[in-house]
Amino acid sequence: MKQKRHQKILELIVQHSVETQEELQAMLKAEGYSVTQATVSRDIRELNLTKLTTGSGRQKYVPFYERATLSKDKYVRVLKEGFVSMNLAMNIVVLQTVSGMASAVCAAIDAMDMDEVVGSIAGDDTIMCATKSVEDAHALQEKLQELIY
């Protein structure tokens, strides 16, 4: 019963913009599931659901993995908006950014969790991403170029 209810919850939040536990509870009752608010709350926690702010400023429940995908899009936007140029120095990828944007772009790169990056540091308009090898630096450069262009 619990597994079917969880499947129904995932189906409902994908089909509808569910903003509150009470709204989800009412939808489940309409589907034949007699649940309390406490059960809905527990299900949300077990399914690892999170709230996402939509373009209209309202919030809705989404599976956590969907939020991660949307977040990556935001990081790519920050990267694109701040990027000016990129060069290689052996195993270090050096990025030039718009003045004042290096920290934000560096945080975006770090959040994208690229395997090639072993560490990064940002100044005002320059980022240095260290990699383990020259090959990793080239691979990182290619990944960044694909995201930017």
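Only the coordinates and a few stated rules stand behind these numbers; no lab work does. All figures in this text were calculated on a predicted structure; none of them were measured in a lab. All Cβ positions, even for glycine, are placed from backbone atoms using ideal geometry, and neighbour counts span all protein chains on display.
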Partner lysines whose C-alpha sits under 22 Å from that of Lys72, ignoring same-chain residues fewer than 8 away, are Lys51, Lys60, Lys80, Lys143
What residue among Val94, Thr20, Gly32 has its Cα farthest toward the positive end of the dipole of the chain, where the charges are +1 on Lys, Arg and -1 on Asp, Glu, each on the Cβ?
Gly32
Please sort 46-57, 97-108 by packing, taking for each peptide the average over its residues of neighbouring beta carbons within 10 angstrom, highest first.
97-108, 46-57
Partner aspartates and glutamates whose C-alpha sits under 12 Å from that of Lys8, ignoring same-chain residues fewer than 8 away, are Glu31, Asp43
Between Asp73 and Glu146, how many nm apart are label points set 7 Å from Cα along the C-beta direction?
1.9 nm
Counting only C-alpha contacts under 8 Å and six or more residues apart, can you give the relative contact order of segment 2-68 as a whole percent?
33 percent
Only Cα pairs under 8 Å and at least 6 apart count here; give the relative contact order of the chain as a rounded whole percent.
17 percent
If the cut-off is 16 Å between C-alpha atoms, which lysines fall inside it for Lys2, apart from same-chain ones fewer than 8 positions away?
Lys29
So how tilted is helix 134-148 from the main axis of the chain? Cα-based, degrees 0 to 90, rounded to 10.
60 degrees
Expressed in Å to one decimal, the Kirkwood Rh of segment 1-125 from all distinct alpha-carbon pairs is 17.3 Å
